[in-house]
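Undergrad: Quick one: this structure, given as C-alpha cells, is what I'll be asking you about.
The values are calculated or read from the model by the stated rules, or taken from the named source; none is laboratory data. Since this is a predicted model, take the numbers as computed values, not measurements. Virtual Cβ from ideal backbone geometry, glycine too; neighbours counted across all protein chains shown.
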Amino acid sequence: MMSSDQLTGSPPGVSRGLLLLLAVVAGFMVSNIYYGQPLLESMGTDLGISLAHIGWVVASSQAGYLLGLVFLVPLGDIVDRRALISVQVGASAVGAGAVTLALSQAALLLAFAILGLASSVVQTIVAYTAASSTPDKRGGNIGTVTAGVVSGLILARTVAGGMTELWGWRSVYVFAAAAAVVLSLSVLLALPKEQSGRGPTRYWPAVSSVVVLTRRNPLFRTRALITMLLFASFGVLWNGMSLLLSGPAWNLPPGVIGLFGLAGLVGILAASKAGAAADRGWGQRVTGISLMALLVSWLALSLGSWSLLWFIAGIIVLDAAVQSVHVSSQTMIVAGAAESASSIIGSYMVFYSVGSALGAAAVTPVFDAWGWTGASVLGAGFALLALAVWGMERRRKQDPGARLVRSTQPGGAE
C-alpha cells in the first residue's frame, strides 16, 4: 500500500525553512480577515456608510472565507497544492487592491468577499503541512503553522490600528496587497512541486466531504462539534471585549483595546506544545485538560468589569486552551488520511466558521441585555457544552483501528 508521502509526491517531512515560510504566509493571510475589525468606523466615515451597515464588511469577508473552505480548499486533494497556495495568495492581493480602490458600500463588500475567499488559503496551507509531514512530526508541524495563524490573527488588529492612525485605513490594504505578491512568488519558488500520484479524486465528492464526514465518521463529527462550541466561546470574548473595554467600566480608546490582543500570543507556545503532545497520542488528554482550562478562564474573564489583571489572565488561559484543542483536533482527524487532508481540514474549518459567527452574533444582544456578566455566562456555557461533548466521546467505545480514510464511493471522505 502506498504511504501518504508517496501519495502526495512530497519529500518525507518538511524542512524548518519551509515550515517557517508556511507559518508566515498563513499568518499574513489570516490577517486579511481581521485587519478590518478596528477600522470599521474609519471606513464608514470615509465612504458614508452608517454604523448599522458597516458591520456587513466583516460579514462579507467571513462569508467569502466560508465559501473558500467549501469550494477552494478541497481542490488541494486534486491539484498541486503548491500551485493552489500560490494562486490563492496572489488572488488575495487582488482582493486587497480592490478594497483599497473601493468608493462605495457595494464595491467594498464585494472586495472584502473576494479577499475572504482568497484568504481561505490558510487551510490549504494547513492541509499541505499535514500531508507533507511524517506522522511523528505532523502534530508539531501543524502546531507551528497554527502559531503563525495565531500571530497573524492577534497582531492584525494592532498593525491595522497603528497604520490607520499614521496613513489612513486604505494604507493597511496597500500593505496587504504588496505582502501577498511577495509571498505568492516566494511560495511558488520555495515549495517543492507535488507529483501526480495521489490517486483519482473528483471535485464534487471532495466538496461534499463536509456532509459525508459529519454523517459517517464519529471522530470527525465529535471533533467538529467541539470545535464549533470552542470557537463560539472564543468569539464571545474577542467580539465582546471591545464592548466591555470601551464602555463605562473602563472607557479605553481603540488603540489601547487592540493591545489586549497581545496577551493571546501565549497561544503560539500552546499550539506548538499541543501538536507535539498529539504526535505522542495524548490528543484526548490535551483536549480534556484544555477544555477544563477554557471553562475556568471565564471565571477570570467575568471579573473584567473591575479588574484588568484578572481579565488579562483570562485572555491568556482562554487563548492557550483554544489553540491546544484546535491543533489536537486537526492532528487527530488527518491521522491516517493525509492524502485527503485538504477535504478533511476544509470540512472541519466550516464548523470553526459557524462557531465563530455564532459567538460573534450572540454576544452583542446578550451584552446589551445583561452586560459583561451575561456575556461571560454565555462564553462559559459554550465551553461547558464543548467539555460535555468531549466527555461523551470519551465514554463511547471506539474501534481502535478507526481512522479517517477516503471512501471508494462517490460520497467522498469518511
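Undergrad: How many residues are aliphatic (A, V, I, L, M) and without any contact (Cβ under 8 Å) to a residue 12 or more places away in the chain if we restrict to the stretch 158-175?
TA: Number satisfying all stated conditions: 1.
Undergrad: Scan Thr124, Thr129 and give me the residue that is in contact with a Gly (Cβ under 9 Å, 6 or more places away or on another chain), buried (at least 24 other Cβ atoms within 10 Å of the Cβ) and closer than 18 Å to Ala26 by Cβ.
TA: The unique qualifying residue is Thr124.
Results for (1) under 16 Å from Ala341 (Cα atoms); (2) modelled with pLDDT of 95 or more; (3) acidic (Asp, Glu), shown as yes or no for each residue.
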{"position": "Gly152", "(1), (2), (3)": "no, no, no"}
{"position": "Ala160", "(1), (2), (3)": "no, no, no"}
{"position": "Gly168", "(1), (2), (3)": "no, no, no"}
{"position": "Ser171", "(1), (2), (3)": "no, yes, no"}
{"position": "Arg198", "(1), (2), (3)": "yes, no, no"}
{"position": "Thr201", "(1), (2), (3)": "yes, no, no"}
{"position": "Leu213", "(1), (2), (3)": "yes, no, no"}
{"position": "Thr227", "(1), (2), (3)": "no, yes, no"}
{"position": "Phe231", "(1), (2), (3)": "no, no, no"}
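Undergrad: Output the number of the condition that Ser305 fails; it satisfies all remaining conditions of (1) more than 29 Å from Arg138 (Cβ to Cβ); (2) within 22 Å of the chain's Cα centre (by Cα).
TA: (2)
Undergrad: In the set Ala362, Ala337, Ala357, Ala375, which member is at pLDDT below 85, among the aliphatic types (A, V, I, L, M) and under 17 Å from Leu229 (Cα atoms)?
TA: Checking each option against the conditions leaves just Ala357.
Undergrad: Please pick out the residue among Ala106, Ala118, Ala113 that is free of Cβ contacts under 8 Å to residues at least 40 places away in the same chain, part of a helix (DSSP H, G or I), among the hydrophobic types (A, V, I, L, M, F, W, C) and farther than 18 Å from Ala263 by Cβ.
TA: Ala106
Undergrad: Could I ask something else about it? All but one of (1) part of a helix (DSSP H, G or I); (2) modelled with pLDDT under 90 hold for Val89; state the number of the condition that does not hold.
TA: Result: Val89 fails condition (2) only.
Undergrad: Still on this model: Restricting the search to the stretch 215-225, which residues are surrounded by fewer than 17 Cβ atoms within 10 Å (Cβ to Cβ) and within 20 Å of the chain's Cα centre (by Cα)? Lay out the reasoning, then the answer.
TA: Let us first name the residues in the stretch 215-225 that are surrounded by fewer than 17 Cβ atoms within 10 Å (Cβ to Cβ), namely 215-216, 218, 221.
Once the filter is applied, which keeps residues that are surrounded by fewer than 17 Cβ atoms within 10 Å (Cβ to Cβ) and within 20 Å of the chain's Cα centre (by Cα), the stretch 215-225 yields only Arg221.
Undergrad: Okay, moving on. Could you check how many residues of the stretch 201-222 are within 17 Å of Arg395 (Cα to Cα) and touching a residue at least 12 places away in the same chain (Cβ under 8 Å)? Let's see the steps before the verdict.
TA: To start, the set of residues in the stretch 201-222 that are within 17 Å of Arg395 (Cα to Cα) comprises 217-222.
With touching a residue at least 12 places away in the same chain (Cβ under 8 Å) added as a condition, the list becomes 217-220, 222.
Number of matching residues: 5.
Undergrad: Let me ask something additional. Just a yes or no: is a residue in the stretch 319-331 more than 22 Å from Leu153 (Cα to Cα) and not assigned by TED's automatic domain parsing to the domain that holds Pro74?
TA: No, because not a single residue in the stretch 319-331 is more than 22 Å from Leu153 (Cα to Cα) and not assigned by TED's automatic domain parsing to the domain that holds Pro74.
Residue-by-condition table, conditions (1) surrounded by fewer than 18 Cβ atoms within 10 Å (Cβ to Cβ); (2) under 16 Å from Trp390 (Cα atoms):
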| site | (1), (2) |
| --- | --- |
| Thr227 | no, yes |
| Gly240 | no, no |
| Trp250 | yes, no |
| Asp279 | no, no |
| Leu291 | no, yes |
| Leu301 | no, no |
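Undergrad: In addition: Tell me whether the stretch 91-98 contains one or more residues that are surrounded by fewer than 18 Cβ atoms within 10 Å (Cβ to Cβ) and either within 22 Å of Leu185 (Cβ to Cβ) or in contact with a Leu (Cβ under 7 Å, 6 or more places away or on another chain) (or both).
TA: yes
Undergrad: Given the conditions (1) farther than 28 Å from Leu262 by Cα; (2) touching a Phe, Trp or Tyr at 6+ places or on another chain (Cβ under 9 Å); (3) of a type outside the set (D, E, K, R), report the number of the one that Leu67 does not fulfil.
TA: In the conditions (1) farther than 28 Å from Leu262 by Cα; (2) touching a Phe, Trp or Tyr at 6+ places or on another chain (Cβ under 9 Å); (3) of a type outside the set (D, E, K, R), Leu67 misses (2) alone.
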